[in-house]
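One structure is given below, encoded as structure tokens.
The values are calculated or read from the model by the stated rules, or taken from the named source; none is laboratory data. Model, not experiment: these values are computed from the prediction. Here Cβ is always computed from backbone atoms with ideal geometry, including for glycine, and neighbour counts include all displayed protein chains.
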Amino acid sequence: MSEKKTFFSTFFTGFFIVSVLFGFMVNDTAASACHNGATGVPAVWLPLFERLVKDGEDPSDLKRLFSAVTFDKRVMPRKLKHKERPVDYEKFLQPKRISRARAFLARNRKLLEQIEKRYHVPKEVMTSIFLIETDLGRYLGAGPAFRILASMALASDFDAVRPWLPDELLGRNELETRRKLRKKAQWAYSELRALIEYARENHMDPLAIKGSIFGAIGLCQFMPSNALRFGIDFDNDERVDLFHLPDAAASMANYLSRHGWKREMNHTGKIRVLLSYNYSRPYAKSVLEVASRL
Ligand SMILES: [Ca+2]
């Protein structure tokens, strides 16, 4: 999952200047379509707000959410503009990180052993993933996942973002760019709806849920749809809180188990399952390498 995170994090560099213009254009269009913002929702968000309401979301909740966040105009163009930058997984093998991971494992040994017993995922592997995904919970993203996902979902309109797309994505590449943009925006819209549902089911304020640059949430860095599908309430407080270690670790182990992790597995089998968590071979190899040093 961090692969997507880094994939997206490499995407955006030079959109601030033109984004002002973009904002005005979207505002004007949306405001006129909604009789000067009669809903009280900031004009820039109106197309997305209306789509969500049409799909059954509660308008009053949405009004509060959209009034609290600004549109990040850089997200989607950046996503289309850059290729994934190789991640330096070697850094996770630094002695200071390994030693912090060992301390984390020692601190949480009892809990992780309980989870290992249920899902057969070794505590060292869980600890390693926590280290690589969020630096053991130190980095959970800078802003609300809602803002990130909503900003990407809003970019479903190619003509709206066209002025901010770099030349190499236009011209003879325009058809392909349109296809990618549509696909990514649709993906972001589904994840946005999953985030709203996850927050509702677990009595959380969506605005309080931090997300990575592409909207992954929690210590285990799940996309919201995976939080709904694989989330586990391990401490039995009737909510799946992926920012709380018992639930995050059990959810991670459940995900791996449901993707084929077994008590007895060879190296190739483990790599295959880890690729389902994050489709990057260096990532999967690093998870096992770190785990072997704990
Ligand atoms: Ca819980």
Practice task
With the condition kept exactly as written, say whether any residue in the range 171-190 is among the polar types (S, T, N, Q), assigned to a helix (DSSP H, G or I) and under 17 Å from the mean Cα position of the chain (by Cα).
Solution key: yes
Handout entry: Hey, Val161 at negative phi, out of contact with any Asp or Glu (no Cβ under 9 Å at 6 or more places or on another chain) and not assigned by TED's automatic domain parsing to the domain that holds Arg74 or not
Key = no
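Each row is one residue, and each column tells you yes or no for (1) within 16 Å of the ligand (Cβ to nearest atom); (2) more than 21 Å from Val69 (Cα to Cα); (3) surrounded by 21 or more Cβ atoms within 10 Å (Cβ to Cβ); (4) not polar (S, T, N, Q).
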position: Phe158; (1), (2), (3), (4): no, yes, no, yes
position: Arg162; (1), (2), (3), (4): no, yes, no, yes
position: Ala188; (1), (2), (3), (4): no, no, yes, yes
position: His203; (1), (2), (3), (4): yes, no, no, yes
position: Pro206; (1), (2), (3), (4): no, no, yes, yes
position: Gly231; (1), (2), (3), (4): yes, yes, yes, yes
Completion exercise
Expected single match for in the same structural domain as Arg78 (by TED's automatic domain parsing) and either within 16 Å of the ligand (Cβ to nearest atom) or of a type in the set (Val, Ile, Thr) (or both) among Ile196, Ile217 is Ile196
Completion exercise
Within the range 130-146, the count of residues that are charged (D, E, K, R) and either surrounded by fewer than 22 Cβ atoms within 10 Å (Cβ to Cβ) or in a loop (DSSP other than H, G, I, E, B) (or both) comes to 2
Completion exercise
Going through the range 233-248 in order, the residues found to be near the ligand (Cβ under 7 Å from one of its atoms) and among the aliphatic types (A, V, I, L, M) are Val240
Exercise for the section: Scan Ala106, Ala30, Ala101 and give me the residue that is of a type in the set (Gly, Ala, Ser), buried (at least 21 other Cβ atoms within 10 Å of the Cβ) and modelled with pLDDT of 95 or more. Expected result: Ala101
